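Colleague: Have a look at this one.
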Amino acid sequence: MSSTSSKRSGRRRLNATARTRLAVAVLLAGSAGLVGVAVSGQAATPPGLDFVQVGHWVYNDGLESAFHVDGSTNQVDAQVPVPGVERGSQVVQGDHSGYVVERSRITEFNKSTLSVENATAPPATEQPAVLEVAGGPYLVYRNAGQIVRLGDPPATVPAGGPLSTPVATGERSSDGATVWLHRIDSGALCELPKAATRLACPAQLPEGHTGSLTVVDDQPAVVDITAKTLRRISKDGFGEPTAIGVDLPATALVASGTVDGRLAVVDPERNRLHLIDTAGLQNRPTVKPVAVDLPKDGKFAGPVATARTIALVDQTRNELLTYDSNGVRKSTTKVPGEGGAPRLARGEDRKIYVDSPDGSHLLVVNSDSGTVADVTVAPAPGGATQAAAPPSSGNNTPAPPQEEPKKSEPPRQPVKPNPPPVAAATVPGAPGGVSAAAKDGSATVNWKPAAANGAAVTAYLVSWPGGSTTVGGSARSATVSGLKNGTSYVITVVAQNSAGRGPGASSGAVIPQRPAAAPSVSANRDAGGTVSVSWNQPDLGGGTLVHYQVSAQGQADRQLTATSTQFTGIAGAVTVRAVTRFGPSGSPNVTGAPGSANVPALPPTVKILKVVSSNTTFKVTVKADDKGSPATCQVSANGGTPSAPVRCSGNTVITFPHGGWAGAVPFHATITSAGGTDSDDIQVVPEIGGVVWLLPVTALAALRRKRRKGKVS
């Protein structure tokens, strides 16, 4: 790019002394051109510091002007007349200038004086990809392989071949952003730092591989569509690959950033949005990609991602769709205007903006909530009318004091045939923050008030496929009933005043849902102790069965799609619930009502296996069979006080004290559960520190004979 030497000199002086920010500017298009402007915010700035550009510029074809919309207030606050521009042209901004980008011309205007300064020819007659980042903006002419930096220093850099969609890292860096580019013909992955005039290419995709650039944690990465991997790029080449877990076509549309650690990718051939976990780049476990079905006949632009929101435009319907990182739709908003396709962009302030085809409206997406504001692009009624001061003539001779009032008044200009926008009432704006929550056969929809635009809002029309209702102008919610469970509904809200009905704003798709009914469950135990459990499929309430959740006492929950299962050694209640979903795979699960059957407990059994004696305690090992029902065991010796109850199942050691013993000692063990009780008795002659093998009382005489013979075992 080139400019006159005087402009280069002026720009250098401006960079060396001060940088300015446009804070407030309200204009009306008068009969002879610019009528009034209010500018503030001029302040000295350290060299090398780049401002974050707030808001978005859009060109209104009908008014032949570029307008600035403040993204924080959603208000038009500046206007620059630029007549004779091609319809559908884009406006981009840098630190000091804005640029109206046509296929055959780039028109520069000063953001402080709001006046046109220069016009230059682009390196190619194609619509470029735009990056509004620190040190920019950048225009990337992909087919021609040319990169135009409109920031300081301006430059046109050849790439040597056609390019795919560019991305940028360090978007808010004081050193300026770095632009990353992918050469389609060679697979080279290249970087262009702020002040550079040549590309450096540290990595290259394998021959024949298709890829797309993105940014993860402010580091460049590439989706290798052929290899189904995601890899970081650094000055030293590639990092380790991580699998993306999904098949993508070569035409896949990849977002330039992530949302909550997930990368949004649109498959235009299957009309599906994929959300891919990028945790593998940090060697962390990844989860399965989320797949979201898009309208089957849609043609999509985007996706564009912020920290919390994904946005894309259905160009077939001229609708803006927003989603969260789980693939849940946040909103659906009709894009007003005629004459082409809406344009989707992310500003340097990290808000998402959508230009209507003719520039008459701008949709501003809240990057956190995903809500959408519809801004009418036109001069604000009642705006400033004072003319801007004319430039100095260079004459330092002061004017006579008595003539100053006359000089301050600009000459009255004749009115042009095209009058300024009429300040009469117009239809309301779109309601804000439209959201809906589904219930059983109904949904509750909420919204924020629409801009009245000169006449009070008298009613809101709430509509959905198959019906509509009208509520008062002060209402902020409505309940929609008579909906079919399991059917997706998008609910639209339109404001109405004396001038008519305004544009509608829609909620995300909601699906009324009713939890599944309780299944009928039966349980039977065979002679071997195996319990067979079966159930029927209950009324699913219009949902899709995901699985059955089966719970039994003492067992881990089972998730099954069959209607039967078996357990061994259980007793008590067996509970079955149907788990359903409403919507595509990945939609939230809904747990149904429980159905249950009782498995009667069997009487437990107990047997004393051995006794170990010390100076003060007995350690008695029992074999306890609880038959699937929790049981407790106790042991006593010499008819004394039983030990404290302990939970027992299988071989269990019970320790209790003794006060001494002599001769053969009788031991008594009991087991108790919901199924009943059992006991076992044995009599032995313990030895201190020894193991006493247990014999029935009838064998005691033989044991004594063995002891006398020295054959104690």
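The values are calculated or read from the model by the stated rules, or taken from the named source; none is laboratory data. Since we're looking at a predicted model, the values are computed, not measured. All Cβ positions, glycine included, derive from the backbone under ideal geometry; neighbour counts span all protein chains shown.
Colleague: Within the range 70-113, track down each residue that is farther than 20 Å from G340 by Cβ, in a loop (DSSP other than H, G, I, E, B) and among the acidic types (D, E).
Modeller: Correct list: D95 only.
Colleague: Being within 30 Å of T332 (Cα to Cα), touching a Ser or Thr at 6+ places or on another chain (Cβ under 8 Å) and surrounded by 15 or more Cβ atoms within 10 Å (Cβ to Cβ): is that true of G502 here?
Modeller: On the way: within 30 Å of T332 (Cα to Cα): yes; touching a Ser or Thr at 6+ places or on another chain (Cβ under 8 Å): no; surrounded by 15 or more Cβ atoms within 10 Å (Cβ to Cβ): yes.
In short, no.
Colleague: Going through the range 644-686 one residue at a time, which ones are part of a loop (DSSP other than H, G, I, E, B) and either within 60 Å of the chain's Cα centre (by Cα) or loosely packed, with under 14 Cβ neighbours inside 10 Å (or both)? Working first, answer last.
Modeller: To start, the set of residues in the range 644-686 that are part of a loop (DSSP other than H, G, I, E, B) comprises 644-645, 648-649, 658-664, 674-675, 685-686.
Correct list: A644, P645, C648, S649, G659, G660, A662, G663, A674, G675.
Colleague: Checking A307 against (1) surrounded by fewer than 21 Cβ atoms within 10 Å (Cβ to Cβ); (2) farther than 17 Å from S369 by Cβ, which single condition isn't satisfied?
Modeller: Here A307 clears every test but (2).
To keep it simple, each residue is scored yes or no on (1) part of a loop (DSSP other than H, G, I, E, B); (2) among the small types (G, A, S); (3) outside the structural domain of G486 (by TED's automatic domain parsing).
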{"site": "P512", "(1), (2), (3)": "yes, no, yes"}
{"site": "P515", "(1), (2), (3)": "yes, no, yes"}
{"site": "A527", "(1), (2), (3)": "yes, yes, yes"}
{"site": "V533", "(1), (2), (3)": "no, no, yes"}
{"site": "P538", "(1), (2), (3)": "yes, no, yes"}
{"site": "G542", "(1), (2), (3)": "yes, yes, yes"}
{"site": "Y548", "(1), (2), (3)": "no, no, yes"}
{"site": "Q555", "(1), (2), (3)": "yes, no, yes"}
{"site": "Q566", "(1), (2), (3)": "no, no, yes"}
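Colleague: Taking the range 482-504 only, how many residues are part of a loop (DSSP other than H, G, I, E, B) and at positive phi?
Modeller: Qualifying residue count, the range 482-504: 2.
Colleague: If you scan the range 587-606, which residues turn out to be crowded, with 16+ Cβ neighbours inside 10 Å and either outside any loop (DSSP other than H, G, I, E, B) or on the phi > 0 side of the Ramachandran plot (or both)?
Modeller: Selection gives V590, G595, S596, A597, V599, T605, V606.
Colleague: Right, something else. If T479 passes every condition in (1) part of a loop (DSSP other than H, G, I, E, B); (2) closer than 30 Å to G429 by Cα but one, which one does it miss?
Modeller: (1)
Per-residue answers, yes or no, for (1) touching a Gly at 6+ places or on another chain (Cβ under 6 Å); (2) farther than 27 Å from N366 by Cα:
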site	(1), (2)
G55	yes, no
S97	no, no
S104	no, yes
T107	no, yes
G136	yes, no
P158	no, yes
S164	no, yes
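Colleague: Scanning the range 139-159 for residues that are in a loop (DSSP other than H, G, I, E, B) and in contact with a strand residue (DSSP E or B) (Cβ under 7 Å, 6 or more places away or on another chain), which turns out surrounded by the most Cβ atoms within 10 Å (Cβ to Cβ)?
Modeller: Going through the range 139-159, the residues in a loop (DSSP other than H, G, I, E, B) turn out to be 142-145, 150-154, 159.
From what's left, in contact with a strand residue (DSSP E or B) (Cβ under 7 Å, 6 or more places away or on another chain): 142, 145, 150, 159.
Details: R142: 21, G145: 20, L150: 24, A159: 22.
Filtering first and then ranking leaves L150.
Colleague: Also, quick follow-up: Which condition from (1) surrounded by 14 or more Cβ atoms within 10 Å (Cβ to Cβ); (2) part of a loop (DSSP other than H, G, I, E, B) is the one that V254 breaks?
Modeller: (2)
Colleague: Next up: Report the residue count in the range 268-320 for those that are of a type in the set (D, E, K, R), touching a residue at least 40 places away in the same chain (Cβ under 8 Å) and assigned to a loop (DSSP other than H, G, I, E, B).
Modeller: 2
Colleague: Moving on. Out of A456, A475, which single residue is of a type outside the set (K, R), over 31 Å from the mean Cα position of the chain (by Cα) and surrounded by fewer than 17 Cβ atoms within 10 Å (Cβ to Cβ)? Outline the logic, then answer.
Modeller: Details: A475 fails: over 31 Å from the mean Cα position of the chain (by Cα).
Exactly one residue qualifies, and that residue is A456.
Colleague: Among the numbered conditions (1) touching a Gly at 6+ places or on another chain (Cβ under 6 Å); (2) modelled with pLDDT under 90, tell me where T178 comes up short.
Modeller: (2)
Colleague: Return the pairs, sorted by first residue and then second, in which the second residue is surrounded by fewer than 18 Cβ atoms within 10 Å (Cβ to Cβ) and not in a strand (DSSP E or B), the first residue lies in the range 612-624 and is touching a residue at least 40 places away in the same chain (Cβ under 8 Å) and assigned by TED's automatic domain parsing to the domain that holds N638, the beta carbons are less than 6 Å apart, and the residues are 6+ apart or on different chains.
Modeller: Final answer for the pair search is F618/H658.
Colleague: Still on this structure, I have one more. Residue under question is H182, and the condition is that it be in contact with a strand residue (DSSP E or B) (Cβ under 7 Å, 6 or more places away or on another chain), in a loop (DSSP other than H, G, I, E, B) and without any contact (Cβ under 8 Å) to a residue 60 or more places away in the chain; does it hold?
Modeller: Details: in contact with a strand residue (DSSP E or B) (Cβ under 7 Å, 6 or more places away or on another chain): yes; in a loop (DSSP other than H, G, I, E, B): no; without any contact (Cβ under 8 Å) to a residue 60 or more places away in the chain: yes.
The answer is no for H182.
Colleague: Can you find even one residue in the range 130-152 that is touching a Leu at 6+ places or on another chain (Cβ under 7 Å), among the basic types (K, R) and under 21 Å from A196 (Cα atoms)?
Modeller: Yes, the conditions are met somewhere in the range 130-152.
Colleague: Moving on. Sort out which residues of the range 160-173 are in contact with a Leu (Cβ under 6 Å, 6 or more places away or on another chain) and part of a loop (DSSP other than H, G, I, E, B), and write them in order of number. Show your work before the answer.
Modeller: Of the residues in the range 160-173, the ones in contact with a Leu (Cβ under 6 Å, 6 or more places away or on another chain) are 163, 166-168.
Result: P166, single match.
Colleague: Which residues, taken from the range 185-216, are in a strand (DSSP E or B) and of a type outside the set (A, V, I, L, M)? Please lay out each step first, then the result.
Modeller: Step one: filter the range 185-216 for residues in a strand (DSSP E or B), giving 188-192, 200-204, 211-216.
The answer is C190, E191, C201, P202, Q204, G211, S212, T214.
Colleague: Could you check, for the range 262-272, whether at least one of its residues is more than 24 Å from S585 (Cα to Cα), surrounded by fewer than 20 Cβ atoms within 10 Å (Cβ to Cβ) and basic (K, R)?
Modeller: Narrowing the range 262-272 to residues more than 24 Å from S585 (Cα to Cα): none.
Checked the range 262-272: no residue is more than 24 Å from S585 (Cα to Cα), surrounded by fewer than 20 Cβ atoms within 10 Å (Cβ to Cβ) and basic (K, R).
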